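Below is one structure; the comments refer to it alone.
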Amino acid sequence: MGSYIRPDEMSRHDLFSWTISILREHGLRPKRKLSQNFIVDPRLIRDFINHVSHVETTEIGCGLGTLTIPLSRVVPRLICIEIDEKLLGIAVKNSNTSNTLFINADATKYTLFSRQVVGNIPYHVTSNILVSIARSNNVERVVFTLQKDVAERLVAKPGSKQYGRITILLNTLFNIEITGIYGPSSFYPEPKVGHAIITLTRRHVFNQDVFALEKLTRLLFTQRRRIALRVLAKSLGIREDSEIYMYARELLGDKRVYEVSGEVYAALARRLRENGLL
Ligand SMILES: C[S@@+](CC[C@H](N)C(=O)[O-])C[C@H]1O[C@@H](n2cnc3c(N)ncnc32)[C@H](O)[C@@H]1O
């Protein structure tokens, strides 16, 4: 096992030239509709690898193999999912390792069964992938490069503009950390905004209560600036003299939908499910 190409050990200049020359050699242009922005910053690669656990891993969107090559050296077994057949062929050639399985597939339709999922993931399917990871209980650890604004949404506090359904779902299930921020020049072609490395470590399984929580936030967040108790009562037909209404009033007070914490929504969803309302 082993490869002579080590993107993480190259200089920034060499990694950039390596990326451009491979694309040229194959007559390829990065496809915007597939969010093809390749890492050209060796420091980002090294930082990323430092957060990876040494367990069986799936990489989403391996591109030219820039992350795949160093990853294959630190994890015992690696599965790479790439939708672009041409890029997959290049990654196979570049990687030259025996512990890596390359699969030409759409990651949003693929069942994730590794304990760890990593990648510089395609922007246009970020939400789909995050939700699918949340629901795959075997996934214990995640290391992703994401657009900075998306990463900030994941750690947003109640009452902020970025706080939303995905914040609540993921924080119920994972400890989330932003471990570094990188400018657009760390990628080729340069995206419009900077990126962050984030790690997610599972602390809770996805179960019926979390499913109910998802249903509850789907109902409420269509009207995120309205008083949560009113939206709840109206959408579920809860009468003001009912016991469940009193319970909800105690939890929600007069807060607006986007001001209520994930813990409160989780407690409410559990009770609504027990009462057959969700
Ligand atoms: C941001 S690039 C990252 C490439 C490489 N890992 C890197 O960091 O240089 C995203 C990669 O995901 C691939 N991709 C896009 N949509 C995908 C999907 N639905 N399933 C799997 N791969 C996808 C793209 O072709 C591209 O190679």
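Numbers for the structure displayed
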item: Condition check for residue 47: of a type in the set (D, E, K, R), within 13 Å of residue 188 (Cβ to Cβ) and surrounded by 14 or more Cβ atoms within 10 Å (Cβ to Cβ); result: no
item: Tabulated pairs, segment 24-41, first polar (S, T, N, Q), second within 8 Å of the ligand (Cβ to nearest atom), C-beta under 7 angstrom, 6+ apart or interchain; result: 35/122; 35/123; 35/124; 36/63; 37/187
item: Hits in segment 42-79 (condition: closer than 18 Å to residue 146 by Cβ and either outside the structural domain of residue 14 (by TED's automatic domain parsing) or near the ligand (Cβ under 10 Å from one of its atoms) (or both)); result: 44, 45, 48, 59, 60, 61, 62, 63, 66, 67, 71
item: Some residue of segment 87-103 being out of contact with any Pro (no Cβ under 8 Å at 6 or more places or on another chain), near the ligand (Cβ under 7 Å from one of its atoms) and within 26 Å of residue 24 (Cβ to Cβ); result: yes
item: All positions within segment 1-30 that are surrounded by 12 or more Cβ atoms within 10 Å (Cβ to Cβ), basic (Lys, Arg) and either in a loop (DSSP other than H, G, I, E, B) or at pLDDT below 95 (or both); result: 6
item: Single residue of 234, 255, 215 found to be more than 30 Å from the chain's Cα centre (by Cα) and charged (D, E, K, R); result: 234
item: Residue 85 vs. criteria acidic (Asp, Glu) and surrounded by 15 or more Cβ atoms within 10 Å (Cβ to Cβ); result: no
item: Number of positions in segment 24-37 that are within 21 Å of residue 182 (Cβ to Cβ) and not basic (Lys, Arg); result: 5
item: Conditions (1) at pLDDT 95 or above; (2) within 16 Å of the ligand (Cβ to nearest atom); (3) not small (Gly, Ala, Ser): number failed by residue 112; result: (1)
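Residue by residue, here is whether (1) at pLDDT below 95; (2) under 20 Å from residue 48 (Cα atoms); (3) surrounded by 18 or more Cβ atoms within 10 Å (Cβ to Cβ) holds:
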residue: 96; (1), (2), (3): yes, no, no
residue: 101; (1), (2), (3): no, no, no
residue: 105; (1), (2), (3): no, no, no
residue: 129; (1), (2), (3): no, yes, yes
residue: 135; (1), (2), (3): no, no, no
residue: 143; (1), (2), (3): no, yes, yes
residue: 147; (1), (2), (3): no, yes, yes
residue: 159; (1), (2), (3): no, no, no
residue: 165; (1), (2), (3): no, no, yes
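The values are calculated or read from the model by the stated rules, or taken from the named source; none is laboratory data. Not measured: the values here are computed from a predicted model. With ideal geometry, Cβ positions are generated from the backbone for all residues, glycine too; neighbour counts draw on all protein chains shown.
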